[in-house]
Amino acid sequence: MAATYTLNLDILRAAATLVGDVRSDGRLHLSRISRRSGVDTGVLSRITRRENNPSLHTLGQLADAYKLTVDKLISSG
């Protein structure tokens, strides 16, 4: 059985907060994250609503954008 991974939103939120990509109400500013990472806002929206799991490529884009490692961004599921 293949391992599945989910995005650790707490880590993403912490990294995004440092660069101003979180709204004043604490929600992720998906359009800013999209511009920074190159990940489509619709993809980000589905991932953050837990409707889809991110691909390794998407995790890599987010990790690069926020100067994190992929393993920091994932939660095993």
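List of remarks:
- Electrostatic dipole magnitude of the chain [Cβ: Lys, Arg +1; Asp, Glu -1; Cα centre; debye, to 20]: 180
- Along principal axes, Cα extents of segment 5-72, largest first, whole Å: 28, 23, 20
- Two-site FRET efficiency, Val19 against Val70, from Cβ-Cβ distance with R₀ of 22 Å, rounded to 0.05: 0.75
- Label-point gap, in nm, between Thr41 and His57 - each point 7 angstrom along Cα→Cβ: 2.2
- Ranking of Thr4, Thr41 by count of other Cβ atoms within 10 Å, fewest first: Thr4, Thr41
- With a simple spin-label model that places each label point 7 Å from the Cα along the Cα-to-Cβ direction, the separation between Arg27 and Leu9 comes to 1.2 nm.
Readers should treat all values here as calculations from the given coordinates under stated rules, not as data from a laboratory. All values derive from a computational prediction rather than experimental measurement. Heads up, the Cβs are rebuilt from the backbone with ideal geometry, glycines too, and the neighbour counts pull from every protein chain shown.
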